[in-house]
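Student: Handing you a structure now.
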Amino acid sequence: MKLDILFEDEALIFINKPAGVVVQQRMYEPGELYLHDEVRKHAPGAFLMQRLDRGTSGVIFFSKRADMNVRITRQFERKRIQKRYLALCEGELVERQTIDAPIARIGAIKFAVRDHGKRAVTHVAPLDATSRGSLLAIKLETGRTHQIRVHLSAIGHPLAGDWLYGQSSAVRPMLHAAEIEMTHPLTGQPLRVAAPLPDDFREEAGSRGIASWTEDKATSEGSS
């Protein structure tokens, strides 16, 4: 596997993760290729600082220095690391909204909105909408497992292609980690790293009549 490196210096490495690749080794698939292992071949000792689902594409980062990890963790705890996503959902979703609904595990791999769950907050900004699907800019305030997938399903607009929370209407769940903004833990300077949209996302959007947008518009809308 050839890594698509978006940014790298002595402290951090940002990768454009392809859809279909797991981030961590799975116990029941010991021989399966996984991203963290590939990154460690390039940068020995790299630490995983976040996760993305197997079907999700886009930017993910790793720490290359153990002494930076506490600083990065502190940014996560203080919500100073901003992650923005682009998503294709089923149906016509036209209203900007904040989904504030607790999430709990309900099965081996499945989660759902439940009163006893952990608080989860997702900000959704529609960019283009048709009866066949909508393009959304999404900003997370919390980082629960499957949060975007669960929240969109809960409001009746599951991700296109999400076999677990919707239906297999696309080649994969159409979710892309578009950008990360943070303070560089070594230099203290603002750092923004973005990942371009993959071809399968663009093709699925086009097949649903979603074309009147650009990636610059999407990230600016998601920032507001």
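Student: Tell me the carbon and sulfur percent of the accessible area for the chain, rounded to whole percent, probe radius 1.4 Å. Present the calculation step by step, with values, prior to reporting the outcome.
Tutor: Working: 5190 of 10840 Å².
Using a 1.4 Å probe with all protein chains present, the chain comes out at 48 percent carbon and sulfur.
Student: Shifting gears a bit: Which sequence of Leu186, Leu88 reflects their accessible areas, 1.4 Å probe, from the largest down?
Tutor: So, going from the largest accessible area down, we get Leu186, Leu88.
Student: What accessible area per residue, rounded to a whole number of Å², is obtained for segment 78-224 using a probe radius of 1.4 Å?
Tutor: Values: 6890 Å² over 147 residues.
Normalised by residue count, the accessible surface of segment 78-224 is 47 Å².
Student: For a quick check of understanding: with a 1.4 angstrom probe and all protein chains in place, what accessible area in square angstrom does Phe47 have, to the nearest ten?
Tutor: 80
Student: Taking GluC sites (Glu not before Pro) as exposed when DSSP calls them loop (any state but H, G, I, E, B) and at most 10 other Cβ atoms lie within 10 Å, what is the longest stretch of the chain free of them, the sites themselves excluded?
Tutor: On the way: sites that count: Glu10, Glu95.
The reported range is 96-224.
Student: How long is the gain from Thr98 to Thr145 if the chain were fully straight, where each residue apart is worth 0.36 nm and the alpha carbon distance is subtracted? Display every interim value, and only then the final one.
Tutor: Numbers: separation 47, 0.36 × 47 = 16.92 nm, distance 1.77 nm.
Gain on extension, Thr98 to Thr145, equals 15.2 nm.
Student: Sort segment 39-180 into rounded, prolate or oblate with this rule: let a ≥ b ≥ c be the square roots of the eigenvalues of the Cα gyration tensor; rounded if a/c is under 1.5, and if a/c is not under 1.5, prolate when a/b is larger than b/c, oblate otherwise.
Tutor: Values: a/c = 1.80, a/b = 1.61, b/c = 1.12.
Prolate, because a/c is 1.5 or more and a/b exceeds b/c.
Student: May I ask you to compute the full-extension gain from Met1 to Gln24, defined as 0.36 nm times their residue separation minus their alpha-carbon distance, rounded to one decimal in nm?
Tutor: In short, 6.8 nm is gained.
Student: Let me ask you something else. Expressed in nm to one decimal, what extension gain is obtained for the pair Thr183 and Gln167 from 0.36 nm per residue of sequence separation less their Cα-Cα distance?
Tutor: 2.0 nm
Student: Another question, then. In whole Hz and in residue order, list the ³J(HN,Hα) couplings for segment 35-47 that follow from phi through the Karplus curve 6.51 cos²θ - 1.76 cosθ + 1.60, θ = phi - 60°; x for Gly and Pro.
Tutor: In residue order, the calculated couplings are 5, 4, 5, 5, 5, 5, 5, 7, 10, x, x, 4, 9 Hz.
Student: I want to check the label-to-label distance for Gln75 and Asp199. Put each point 7 Å from Cα in the C-beta direction and report it in nm to one decimal.
Tutor: Modelled inter-label distance: 3.3 nm.
Student: Need one number: % antiparallel among DSSP beta bridges in the chain, to the nearest 5. Write down the numbers at each step before the final one.
Tutor: Values: 46 of 49 bridges.
Taking every DSSP beta bridge with both residues in the chain, the antiparallel ones total about 95 percent.
The values are calculated or read from the model by the stated rules, or taken from the named source; none is laboratory data. In this text, all values refer to a predicted model and were calculated from it rather than measured experimentally. Here Cβ is always computed from backbone atoms with ideal geometry, including for glycine, and neighbour counts include all displayed protein chains. Just the protein is used for accessible areas: all its heavy atoms, side chains included, with ligands, DNA and RNA removed. Shrake-Rupley method; radii C 1.70, N 1.55, O 1.52, S 1.80 Å.
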